[in-house]
1. Need the C-alpha centroid separation for region 414-448 versus region 558-609, integer Å.
2. Grab the Cα-Cα distance for Thr72 and Ala330, subtract it from 0.36 nm times how many residues apart they are, and report the gain in nm with one decimal.
3. Can you give the Rg to Rh ratio for region 79-199, taking only C-alpha atoms and Rh from Kirkwood?
4. How high is the FRET efficiency between Ala284 and Val403 when r is their beta carbon distance and R₀ equals 25 Å, given to the nearest 0.05?
5. Using the alpha-carbon centroid of each, what span in Å lies between region 11-67 and region 130-174?
6. Could you quote the convex hull projected area for region 519-617, Cα atoms only and averaged over all directions, in nm²?
7. Mind putting a number on the dipole of region 225-323 about its Cα centre? Charges go on the C-beta only, +1 for Lys and Arg and -1 for Asp and Glu, and I need it in Debye to the nearest 20.
8. Give the calculated FRET efficiency between Thr543 and Ala518 to the nearest 0.05, with a Förster radius of 25 Å applied to their Cβ-Cβ distance.
Amino acid sequence: MDFFTHQDQARRASRRLVWLFIIAVLAVVAALDLVLIGIWTASVPTAVPWQAHAAVAGGALAVILGAALLKTWELRGGGRVVAEMLGGRPVTGDESPQHRRLVNVVEEMALASGTPMPAVYVLESEAGINAFAAGHQAEDAVVAVTRGTLEHLPRNELQGVIGHEFSHILNGDMRLNLRLMGLVHGLMALSQAGAQLIEAMARPRVRSRGQKDGGGLLALYAAGFALWAIGGIGAFAGSVIRAAISRSREFLADASAVQFTRDPAAIGGALKRIGGLGAGARLATARAGEAGHLLFGAGSAPWISWLATHPPLEERIRRLDPAWDGRYPATAALAGGTAAAGALPAAAAGLVGATPAPVMPRQVAVERIAAAVGAMPPASLSLAGTFLADLPPGLRAEMHQPVAARAAALAALCDPRPAVATLQIDAALRAADSLLAKDLARLRPQVAALGQRGRLPLMDLAAPALRQLTPSQRVEVLRIARQAAWGAGKPSLTVFCLLRHLELLLSDGRMPSPRLLALAPFLPHAAVVLSHLAQTAGDDQTTARGAFAAAVHSLGVESLEWPTDRSLERLGTALDACRSSGFGLRRRLVTAAAWSVAADGQVTVAEAEVLRLVATTVGCPLPFA
C-alpha cells in the first residue's frame with residue numbers, strides 16, 4: 001500500500017465530488033426552471049420575467065447550499081458526531097470482556113500504524129455485524145462497531161474488520177466521507193422539504209382548515225409534490241455520487257486489511273458471517289442511510305443495485321477467497337458472549353529493533369523507511385501487542401481516564417537524561433494543581449521505565465482520554481507542558497516534537513488544505529527540518545553537514561544553504577508549513593529525512609523515534625518499531 005498515492009487519490013476524489021455536486025445542483029435548478037416556464041406559459045401568455053427565474057434559482061440554491069453547509073457545520077466535531085448520530089456510546093474497555101477485547105484490538109492497530117488511538121464507540125442497539133471509522137484526520141477519528149460485531153466475530157475476524165477501518169483512516173477516506181455526507185445532504189434537501197410539506201398537509205388539523213380553502217390546500221399539495229419530484233433529481237444524483245466513490249474505496253480497504261493482518265481468512269470470515277446472519281450488516285437506526293458509505297457492510301438495501309454504496313458481498317468474498325464455495329456459515333453468538341484472545345502475528349524484523357540496527361547500505365535503509373509510511377507490517381502489529389502486554393496494568397487503565405492521562409502525557413515529555421528530566425518535572429510541578437502534581441509524581445517512574453520507544457505510543461494511547469478534557473483544561477495542560485519542555489533550557493528535538501504532537505492531539509487535529517504545492521517555496525521549510533534531523537547523525541558539524549547534503553540531494557536539488565535561523569520557533573513554523581504541503585512534497589521530505597538519519601548506514605532507536613515524530617507531525621505516520 002502506498003500511503004501518499006492513496007491520500008492523493010482521496011484528495012482528487014474530493015475535488016471531483018465538488019464538481020459533481022455543482023453539476024447536480026445546476027441540473028436541479030434547470031429542472032425547476034423548466035417547471036416554472038411550463039406553469040407560467042400555461043397561465044400567462046407572456047415570457048417569464050428574469051426576476052422569476054432568479055427567484056426560483058436563488059431559492060433552490062439557498063435550500064441546497066444551506067442544507068449542505070449546515071450538515072458540514074454539524075460534522076465539524078469529527079467522528080464523534082457521526083457515532084453519536086447513529087446511537088453509539090464511547091467505551092474504554094473497562095465495561096465488559098467484549099469491550100476490553102475490542103479496545104485491545106484497536107490499540108494494537110493504532111500503535112502498529114503510528115496513529116493516535118481513536119475513540120472507540122459501540123452501537124449497542126444494533127444486532128447486525130458492522131463497523132465504521134469517521135473523522136477529519138487521525139487526531140479526531142473514532143472507530144465504532146455494532147453489538148452484533150462483538151457478539152459474533154472471534155478475535156482474528158474482529159482484527160480484520162478493524163484493519164479495514166484503519167485503512168480508511170490511513171488512506172484519507174474519512175475526510176472524503178464526511179464531505180460526501182454534507183454535500184449529499186444538500187442535494188437531498190429539496191426532496192426532503194417536499195416530503196415534509198406533503199406530510200404536513202396530510203395532518204388532520206391542516207386538512208380540516210383546508211376544507212374552507214380547498215384550492216389553497218391543493219396548491220400546497222402540488223407544490224410539495226413538485227419539490228419532492230424535482231428534488232428527487234438531486235437525491236438520485238447524490239446516491240449515484242455516493243455509490244461511485246464508496247464502492248472503489250471498499251475494495252481497497254479489504255485489500256489493506258489483508259496486508260495489515262496477513263490473514264485473508266480474517267476479513268473474509270467476517271464477510272461470510274454477515275451473509276450467514278439474519279440481521280446481516282443492517283442497521284436499525286433511521287439515520288443509517290446518511291452514513292451508509294462509511295460502514296463496513298451495507299447498512300441498508302438500495303432500491304436499485306447499482307446505487308449500492310458497497311460492492312456485492314459475494315464479490316468482496318471471492319476477491320479474498322477465490323476457492324469459496326458460495327455457502328454462508330450459520331452465524332451464532334460466540335460461546336460466553338466473547339471470543340478467545342487469538343494469537344498475534346509472529347514477530348518479524350521491523351523497521352528498527354530494540355537495539356541499534358545492523359549496518360546496511362544507506363539506500364536499503366532509506367527505501368525501507370520511505371515504504372513504511374502509512375503501512376502496518378506484521379512486525380509492527382506484533383511489537384504493538386507486546387508493548388501493550390508489558391504495560392503495567394494500572395498504567396494502561398489510567399490511560400483511559402482524562403485526569404490521569406494528562407499526567408502521563410506530561411511525563412512522556414521528559415528527557416531520557418535523568419538530570420534534565422528532574423528539572424522538567426520540577427517546572428511542571430510548580431505550574432500544576434495539586435491533583436495533577438500528585439498524579440505526575442506517581443506516574444513519572446512508570447513512564448520513564450518504558451524507555452525512549454514508549455513515549456510516543458503512550459501519548460497516542462492517551463489520545464481519546466485527552467480529547468475528553470474541556471477547552472480550558474486543554475489550555476492548562478498545554479501551558480504546563482510548555483513549561484515542562486523548557487524547564488531545563490532548550491529542549492531536545494525529540495521533546496520538542498513530542499510537545500508538537502501533544503498540541504495536535506489537544507487541538508481539533510484538522511489538516512489544513514495544502515498551501516505549498518510547488519517545490520521552490522517548500523524548500524526553505526524543508527531545509528530547516530532536515531538541518532535539525534542532520535544533527536542526530538553526529539555531534540560534529542562535518543557529519544551533520546554531510547547528512548544534510550545527502551538529504552538535500554534526495555530532494556532533487558543541487559544544494560541548499562544550511563539555515564541561519566535554526567531556532568525551535570523557526571522549526572515549529574517549518575513543520576506547520578510542511579504539514580500543509582501537498583502529498584508529493586511530503587513524500588520527498590520523509591525520504592530526505594530518512595537519508596539524513598541513515599547517514600551512517602544504520603538507524604538507531606533514538607534516530608528512529610525522532611524520525612517517527614517528525615513524520616507524524618507532518619501527517620505521515622510511520623509504524624511502531
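Since every read-out is calculated from the coordinates, none of them should be taken as a lab result. Since we're looking at a predicted model, the values are computed, not measured. Cβ atoms come from the backbone with ideal geometry, glycine included; neighbour counts cover every protein chain shown.
1. 30
2. Values: separation 258, 0.36 × 258 = 92.88 nm, distance 4.08 nm.
Full extension from Thr72 to Ala330 adds 88.8 nm.
3. Ratio value, two decimals: 1.05.
4. Details: r = 36 Å, r/R0 = 1.44.
My answer for the efficiency is 0.10.
5. 39
6. Approximately 5.7 nm², given one-decimal rounding.
7. So the magnitude is around 60 debye.
8. 0.20
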